[in-house]
Every structure is written in structure tokens, then in C-alpha cells.
Amino acid sequence: MNWEVAKSWLIALFALLDVILGWLLYESRQLASGYAESPADALANTKTLLANQGFSLATSVPSGQPSLVTFQADFANPRWSSLEQAAFPGAKGKAQIAGGTLTTSEGQITVTGQGTWAVQYQPPLQLSPNRGPLAYVFRGADYAPDPITSDPVHGVYFEVVNGYPVFDADVVTVQEKGQLIGYTQTYIDHVQPNSSPKPVISALDALDSFAEAVDKTGSGQVNSVVKVDLGYARKIQVASGSQAILHSYWFPVWRIVTTAGVYFVNAFTGEVEMQNAY
């Protein structure tokens, strides 16, 4: 046997094998890099993650990923006269103001916090089909209803900024038999963007983050995700200047409404906040 010839053939075969294996590896990497999970597969995987944590998905999932900004705003501090005119347009006589409460012939307004006040009607205000609760709310046209968290007694409305709801700037009304008993309101104004637009994470990614952070399997019941929507919530409040003026900043969030509570997922980072769970 000519070992030199055999050796040459072996070297050639190994070289050819290296070429074939290299090509196969290249092809597999190209396929992997070009692979994109189909929407159906992504949804199925999210449902599995939720099921593993004791949740079912009982709503459609938004598919858009718009570019949103963060913004700075102030909690409103309107004049008493503006609040009175909105809430009690038919009040007679002069209103009385004592501390943080304004009293009229139709009821009271009490300031309860930053940019927040409560209105109580005495007696309850009769509503009409053409004049709903927002007609008696300070800048009521800036709010939109939220059917998912409203019920026959309580109506929930969110202030809308840049086309999206602000989940912590709301009006919550109390109604009974077509009468408005009262409401609480939080309003923000002087809205100023403080970042350039940035794409948000997908709703499915937000649900995945939620599923990884929340575990209800030990509750003995299956909870449901009943709404997923995009909006804003206040994230931080900082003091600036010699007078330590507080400035608040709102960030895009995915709101996840479940039968176990309401959760917020930061739409930039995926961080899950559970302080509104119940």
C-alpha cells in the first residue's frame, strides 16, 4: 500500500468534510438569525406562561408598538370658582369656604390631596340622557370612560394625554337610579414631554414579564386577564430648585387588568408594579 497516496486521500476527505460541516453550520446560523416567531406561536407561548402562574387570557391582545415619550406634568390647583362652576352650575347664594372645603346650596367640594378633590351632592343631582356625569366635572371633556373597571354604581373615567389614558388621573363617580351622588377627581396639567419618542415593548412581552413576576397558582383558583391596554402612570416625583418644588414624571405603561387585581408594566423596561393589586 502506498501510504503517501492514502495519506493524501485522507487529508482531502477531511478537508471536504470540514467544508461540508462548515456549510451546514453556516446554513443553520442563517436560519436561526432569520427566524421570527409567528404571532400565533408567540401568543401560545404567552398563554402557557400565564397558565403556569394561575392565569388564563380572556381578552384580545393589542399588536401595535407605538413610539411614546415620557412627560412632566403638574397636579392641578384650580380656583374654587372654577370647581364650583363645573360641579354646581345651579347653586344659589354665596359659597362658604372653610379650610379645604367649599360649601354651596347644592353640596360640597373637599380637597383631598395633590390635584385631587371630592364632590358630594346634597341632595343627589338628577342626570339626563343628554347631560352625563362629565358635564359636572372640571374640564370633563379631557376624560374618557373606562368600561372595564366601571360598574353599575361607579363610573371610571381617565384623563387623556396624547391620545392615551393617564391611569392615575381619573374621575370616579357614584351614581344610583339616574342620580349623581358624588365623585372624586384627579387632574394634571402643564404637560411637557421630556424625552424623544421611543418604541414600547409589545403587549405580549408585557404579559410575559407579568407572568414571570406574579404567581397565583397557590390561590386554588384560576384568575383571568380581562384587559390589556397602553397608557401612562406616574413613576417618580423629584424636588428641584431652592424652594424644593416637586415635579412629577409619567411613563408609558401596559395596564393588565385581572380578576386578581390591576397591574402595571413599564412599557420601556418591562418592570412590573403590583401596588394596585388586591
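The values are calculated or read from the model by the stated rules, or taken from the named source; none is laboratory data. Everything numeric here is computed off the predicted structure, so don't read it as measured data. Cβ placement follows ideal geometry from the backbone for every residue including glycine, while neighbour counts extend to all protein chains displayed. These accessible areas exclude ligands, DNA and RNA; they are computed on the full protein's heavy atoms, side chains included. Shrake-Rupley method; radii C 1.70, N 1.55, O 1.52, S 1.80 Å.
Taking the conditions (1) assigned by the TED database to the domain that holds Ala86; (2) surrounded by fewer than 17 Cβ atoms within 10 Å (Cβ to Cβ) in turn, Val172 satisfies each one other than (2).
Across the stretch 220-241, the qualifying residues are those that are over 29 Å from Lys198 (Cα atoms) and either open to solvent by less than 30 Å² (accessible area, probe 1.4 Å) or assigned to a strand (DSSP E or B) (or both), and the one among them that is modelled with the highest pLDDT is Ser224.
Meeting the requirement of 2 or more residues that are surrounded by fewer than 20 Cβ atoms within 10 Å (Cβ to Cβ) and modelled with pLDDT of 95 or more, the strands (runs of 3 or more DSSP E) wholly within the stretch 87-169 are 101-103, 107-113, 116-126, 143-145, 154-161. From the residues in the stretch 52-86 that are without any contact (Cβ under 8 Å) to a residue 40 or more places away in the chain and not in a loop (DSSP other than H, G, I, E, B), which one is most open to solvent (accessible area, probe 1.4 Å)? Per the stated criteria, the residue is Gln85.
Listed by first and then second residue, the pairs with beta-carbon distance under 7 Å, at least 6 apart or on different chains, first residue in the stretch 194-208 and closer than 12 Å to Gly270 by Cβ, second open to solvent by 70 Å² or more (accessible area, probe 1.4 Å), are Val200/Gln65; Ser202/Gln65.
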